[in-house]
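Working notes, beginning with the structure itself.
Each reported figure results from applying straightforward, stated rules to the coordinates on display, with no laboratory input. The structure displayed is predicted, hence computed values, not measured ones. Here Cβ is always computed from backbone atoms with ideal geometry, including for glycine, and neighbour counts include all displayed protein chains.
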Amino acid sequence: MTRFSDLALDPRVLQAVSEAGYETPTPIQAQAIPEALKGRDVLGIAQTGTGKTASFTLPMITLLGQGRARARMPRSLVLAPTRELAAQVAENFDIYARHTKLTKALLIGGVAFGEQDKLIDRGVDVLIATPGRLLDHFERGKLLLTGVQIMVVDEADRMLDMGFIPDIERIFQLTPPKRQTMFYSATMAPEIERITRTFLKDPAKIEVARQATTSLTITQSLIEVKPARKDRSFADKRACLRALIRAEGAACTNAIIFCNRKMDVDVVAKSLKAHGFNAAPIHGDLAQSERMKTLDAFRDGTLHLLVASDVAARGLDIPAVSHVFNFDVPSHPEDYVHRIGRTGRAGRLGKAFTISVPSDEKYLKAIENLIKTEIPRGALPEGFEPDTSEGKPDRAPREDRKGRDRGGRSRDRERPVKPHDEAAPMEPLVVVARAEPAEDTPREERPATQKEPRGAERSGDRRREARSEARSEARSDRREPREDRRDHRRDRDLGPSVIGMGDHVPDFILRSFALTPARTEEAEDLAATGTEG
């Protein structure tokens, strides 16, 4: 049996491995480390949980033992698809390089640029980063990749799923052509094969397990839920999840619950907490500090249930996970392999439950075609009863801009009736016909609506009819000619019509402005005085 001491690693690395409690390498480590120490490119294909991180971290530390880093020019580069996976690689580096003087920097989103710039300026031997943040530093002129000697791409298939392949190709072009490249992936999609043919030179292909196979240490089970109503499937799945966790009892020491959507992650976590479970969510929309705090709590055992999305939990190395629950059947069959691979790691036993509804049939067929086996069907857990109530739908219908939901119902119908509305029902409008001018042809008068006694029963149709008549009458009034309006004002005793000024001429207008004799003499004196002056 091969041991780490047989792999020609640096003695300081062997000491750190021994202190970590490892003596025997996994198959991917036993085959990849010797090839990497020779300086060859490595293409590693292995299912999750087989120790791929140590298979490139240990030879990298050994190869970088000689040399010195320069400012802004890292000597090696490790690319990871998510922040959590990048942080996990950094933790492994700290463990295995504790007896060396090698330095590292972690470049991930959610962290201020200033602290990362300081580390890069001092020079680092190992740079661990996500593609987006790495390119951000490069475009800001804070980083040069011309000194990279070793480049590692971890979880390449997840890079493809997340759309990072164009960024990976650009980063490859920024690094020197003479470098050692190690490429690791759980599956090999056609796009991944194209990249390996382009950027890897005569790689040592190491495949320790058939692609997309599940570990034999994992007991799989498919729980089929058939809700009584389609709009209750989400609630029935939550009830089934709770019943499964209770049925496992003490055997479920901790578990990861996977959902397809981030919004469902929050809902499921909140539902579990409301029913007394110790659960917390983790997904890409949370702050980095909160995500790391949640992961630390799950690792040290203070958190029992971790509700996660695929992006947040992909590649996480938490060895002692006893159960995995697929709350949603993954739409990509490869994700099923990665999800259940969170349990049964390092030779431990694990259980994986998948909850499905009839609409998941096509996804289940794709998964079973990928793993080349049928997922065993399990019985519904004890205590689970589908919801057959006629209450409101599990998810409220979305409303359009006119205030109606998708079923055509108005939101106003849900508005509660106030008490005073019941005590004093609305009385119908009484429409009074206006008097028409005598010179015009009289219009046919509308009969006035008869007023009903106060408190009597009235139908909605009658009230609507009264309102319609009132609106029609108002419109007809607005269309009346101006002469008719004046006649109406005369009918309301506004006074007789005025033609010209008549008797309403103000008194000052009727006064005479002729000068009197006294005024004439005074005016003459003033004129004479002005002339003389």
Name every residue in the range 63-84 that is closer than 24 Å to residue 19 by Cβ and either buried (at least 22 other Cβ atoms within 10 Å of the Cβ) or of a type in the set (Lys, Arg) (or both), in order of residue number.
76, 78
Can you name the residue in the range 99-108 that is more than 29 Å from the chain's Cα centre (by Cα) and part of a loop (DSSP other than H, G, I, E, B) and is also nearest to residue 84 (Cα to Cα) among such residues?
103
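Can you pull out every residue in the range 94-108 that is surrounded by fewer than 16 Cβ atoms within 10 Å (Cβ to Cβ) and within 17 Å of residue 76 (Cα to Cα)? Walk me through how you get there before you give the answer.
Initially, the range 94-108 is screened for residues surrounded by fewer than 16 Cβ atoms within 10 Å (Cβ to Cβ), giving 94-95, 98-99, 101.
Answer for the range 94-108, where residues must be surrounded by fewer than 16 Cβ atoms within 10 Å (Cβ to Cβ) and within 17 Å of residue 76 (Cα to Cα): 94, 101.
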For helices (runs of 4 or more DSSP H) lying entirely in the range 109-178, having 3 or more residues that are surrounded by 13 or more Cβ atoms within 10 Å (Cβ to Cβ), without any contact (Cβ under 8 Å) to a residue 60 or more places away in the chain and not acidic (Asp, Glu) picks out 113-122, 131-139, 165-174
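Give me the residue from the range 63-77 that is hydrophobic (A, V, I, L, M, F, W, C) and part of a loop (DSSP other than H, G, I, E, B) and, out of that set, nearest to residue 10 (Cα to Cα).
At the first step, the residues of the range 63-77 found to be hydrophobic (A, V, I, L, M, F, W, C) are 63-64, 69, 71, 73, 77.
Adding the requirement that they be part of a loop (DSSP other than H, G, I, E, B) leaves 64, 69, 71.
Details: 64: 10, 69: 19, 71: 26 Å.
Restricting to residues being hydrophobic (A, V, I, L, M, F, W, C) and part of a loop (DSSP other than H, G, I, E, B), the top hit is 64.
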Can you say whether residue 251 is closer than 30 Å to residue 52 by Cα and among the aliphatic types (A, V, I, L, M), as far as the supplied structure shows?
yes
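Every residue in the range 35-60 that is of a type in the set (A, V, I, L, M, F, W, C) and free of Cβ contacts under 8 Å to residues at least 60 places away in the same chain, please.
First, pick out the residues of the range 35-60 that are of a type in the set (A, V, I, L, M, F, W, C): 36-37, 42-43, 45-46, 54, 56, 58, 60.
37, 54, 58, listed by residue number.
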Take the conditions surrounded by fewer than 15 Cβ atoms within 10 Å (Cβ to Cβ) and either at positive phi or part of a helix (DSSP H, G or I) (or both) and apply them to residue 91. Does it pass?
yes
Filter result (in a helix (DSSP H, G or I), under 15 Å from residue 238 (Cα atoms) and under 15 Å from the mean Cα position of the chain (by Cα)) within the range 260-270
263, 264, 265, 266, 267, 268, 269
With the structure loaded, tell me whether residue 35 is over 15 Å from residue 129 (Cβ atoms) and either of a type outside the set (A, V, I, L, M) or within 30 Å of the chain's Cα centre (by Cα) (or both) or whether it fails that test.
yes
Out of all the residues in the range 245-258, is one or more surrounded by 15 or more Cβ atoms within 10 Å (Cβ to Cβ), outside any strand (DSSP E or B) and in contact with a Ser or Thr (Cβ under 8 Å, 6 or more places away or on another chain)?
yes
If residue 374 satisfies every condition in (1) part of a loop (DSSP other than H, G, I, E, B); (2) surrounded by 15 or more Cβ atoms within 10 Å (Cβ to Cβ); (3) of a type in the set (Asp, Glu) but one, which is the exception?
(2)
Would you mention how many residues in the range 1-59 are in contact with a helix residue (DSSP H, G or I) (Cβ under 7 Å, 6 or more places away or on another chain) and not in a helix (DSSP H, G or I)?
18
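For residues that are under 32 Å from the mean Cα position of the chain (by Cα) and either more than 11 Å from residue 165 (Cβ to Cβ) or assigned to a loop (DSSP other than H, G, I, E, B) (or both), tally how many sit in the range 179-198. Step through it out loud before you land on a result.
Residues of the range 179-198 under 32 Å from the mean Cα position of the chain (by Cα): 183-195.
Retained after the next criterion (residues that are either more than 11 Å from residue 165 (Cβ to Cβ) or assigned to a loop (DSSP other than H, G, I, E, B) (or both)): 183-190, 193.
So the answer is 9.
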Matching residues, the range 189-210, being under 29 Å from residue 342 (Cβ atoms) and crowded, with 18+ Cβ neighbours inside 10 Å:
192, 195, 196, 200, 203, 206, 208
